[in-house]
Every structure is written in C-alpha cells, then in structure tokens.
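In what follows, a single structure is set out as structure tokens and then discussed.
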Amino acid sequence: MFVGALIALAGEGIFLVARFSLGPNYSPCYDAYLPNNVTRDGIYRFSRHPLYVGNSIVFFGAVLVSGSLLVLVLFSLIIWLYCKTIVLEESHLAREVPGYSEYQSRTPLAFGVPRKRNGKAGTES
C-alpha cells in the first residue's frame with residue numbers, strides 16, 4: 001500500500017510539473033483552447049503528453065493502494081480513453097498548430113530521449 005501511495009505521489013509530481021510548464025497553453029480539453037505555439041522545453045522536451053503520463057501513474061498507484069479488481073478495470077478503461085484522446089489530440093494539433101508535426105517527429109509520445117533532426121537520439125545541435 002505504501003509503495004502505491006509513493007507511485008501516486010510521483011505521478012502527481014509529474015502532472016504538476018507538466019501543468020505549470022504549459023503556462024497559458026494549458027487547457028483541460030484539447031479542443032477547448034488551441035495554443036499559439038508548441039511548448040518544447042522542460043518536461044515537454046522528453047514527452048509530448050506528460051499530463052496523461054502523470055495522471056496514469058497516479059491511477060496506477062491507486063490500483064496498488066486499493067488492491068481492488070474494480071479499480072484495476074477502471075484504470076484499464078481510463079488508459080484506453082487516454083489512448084483514444086491522444087490520437088485525436090495529436091491529429092488536431094498537427095493540423096492546427098504550426099510546428100507541432102516537427103515536434104511530434106522529434107519528441108517521444110510518453111517519455112524518452114528526444115531525437116535530433118536527422119533521427120538520431122540526443123539533444124539538438
């Protein structure tokens with residue numbers, strides 16, 4: 001139970017860092033407010049969707065804390081919905097926000113090492 005709480009707390013930390021990194025580009029619904037630019041620094045250098053990642057980690061911690069099969073089923077449903085939302089959001093942002101397609105090609109979906117323009121891992125030159 002203690003481990004689940006620590007995992008949830010770590011997820012909340014990721015969520016908060018991501019939320020504040022977005023600043024005025026934050027919107028609780030991707031189609032409610034379209035950002036003027038792409039946030040590429042901070043945690044968004046390593047993940048295109050750290051808000052979803054952070055929330056998913058919080059929910060996973062809740063599964064561990066509860067030990068409930070029902071919470072596990074609900075967690076699975078949430079992850080499925082997040083995946084569907086990410087596909088729609090990515091398509092919308094690539095169409096509507098200048099520079100998003102290039103950001104999308106260089107930045108991992110969840111977490112990882114950003115790619116250079118030539119496709120190799122690492123930082124920009």
Quiz item: Where the only charges are on Cβ atoms (+1 Lys, Arg; -1 Asp, Glu), what is the dipole of the stretch 1-111 about its Cα centre, to the nearest 20 debye?
Solution: 140
Practice problem: Determine Rg/Rh for the chain; Rg is computed over alpha-carbon atoms and Rh is the Kirkwood hydrodynamic estimate from the same atoms. | Solution: 1.01
Exercise. Using a 10 angstrom cutoff on alpha carbons, build the Gaussian network for the chain and name the most mobile of 26, 100, 52.
Key: 26
Quiz item: In deg cm²/dmol, rounded to 500, what helix-only [θ] at 222 nm does the chain give when every DSSP H run of at least 4 residues adds -39500 (n - 2.57) and the total is split over its residues?
Solution: -20000 deg cm²/dmol
Quiz prompt | Residues of the stretch 15-40 with amide N under 20 Å of a point placed 7 Å along Cα→Cβ from residue 84 | solution = 28-32
Practice problem: Pick out, from 49, 71, 101, the residue whose Cα sits farthest towards the positive end of the charge dipole of the chain, with +1 on the Cβ of Lys and Arg and -1 on the Cβ of Asp and Glu. | Solution: 101
Exercise. Work out, step by step, the length gained on full extension between residue 111 and residue 34: first 0.36 nm times the residue separation, then minus their alpha carbon distance; give nm to one decimal.
Key: 25.4 nm
Practice problem: Report, in degrees rounded to the nearest 10, the 0 to 90 angle that the Cα long axis of helix 69-96 makes with the longest principal axis of the chain. | Solution: 10
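Every number here is computed from the coordinates shown, using simple stated rules; none is lab data. As the structure is a prediction and not an experimental result, all values here were calculated from the model. Quick reminder, even Gly has a Cβ in these numbers, built from the backbone with ideal geometry, and neighbours come from all protein chains shown.
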